[in-house]
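One structure is given here, and the rest of the page talks about it.
The values are calculated or read from the model by the stated rules, or taken from the named source; none is laboratory data. Treat the numbers as computed from the prediction; the structure is a model and nothing was measured. In this analysis, Cβ positions are derived from the backbone assuming ideal geometry, glycine residues included, and neighbour counts consider all displayed protein chains. Surface accessibility is based on the protein's heavy atoms, side chains included, excluding ligands, DNA and RNA. Shrake-Rupley method; radii C 1.70, N 1.55, O 1.52, S 1.80 Å.
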Amino acid sequence: MPASRTPRRVASVIRLRPEHAERYRELHRAVPRPVRDALSRAHVTNYSIFLREDTLFAYYEYTGDDYDADMAAIAADPQTQHWWTLTDPCQRPLDSAQPGERWVTGEELFHLD
């Protein structure tokens, strides 16, 4: 049996526009199955989004072999693209985000397994 690989842990943040907070909550009460399936096909597991004040914090684990290709597959998925047309207006990237960057990845400083 092959050795199990430790998943890549990914954490990222973005701001929630307060005037869209209820809409964002509503959208996430029923994330469409095709969007969830695209994440699963791309080896994204244990995905959570948390909210504190106006900051959204996302965490997931990546279990695949080619992170960039899997993230590109998610971005190319038509259902996910449509989902983003609904969620993106609710969000505001952090000031530290690069042009075109939305969710900003955080640096892992500590992990207890």
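Remarks
- Given (1) touching a residue at least 40 places away in the same chain (Cβ under 8 Å); (2) among the hydrophobic types (A, V, I, L, M, F, W, C); (3) in contact with a Lys or Arg (Cβ under 8 Å, 6 or more places away or on another chain), index of the condition VAL10 fails: (3)
- Subset of region 95-108 (residues that are open to solvent by 70 Å² or more (accessible area, probe 1.4 Å) and free of Cβ contacts under 8 Å to residues at least 60 places away in the same chain): ASP95, SER96, GLN98, PRO99, GLY100, GLU107
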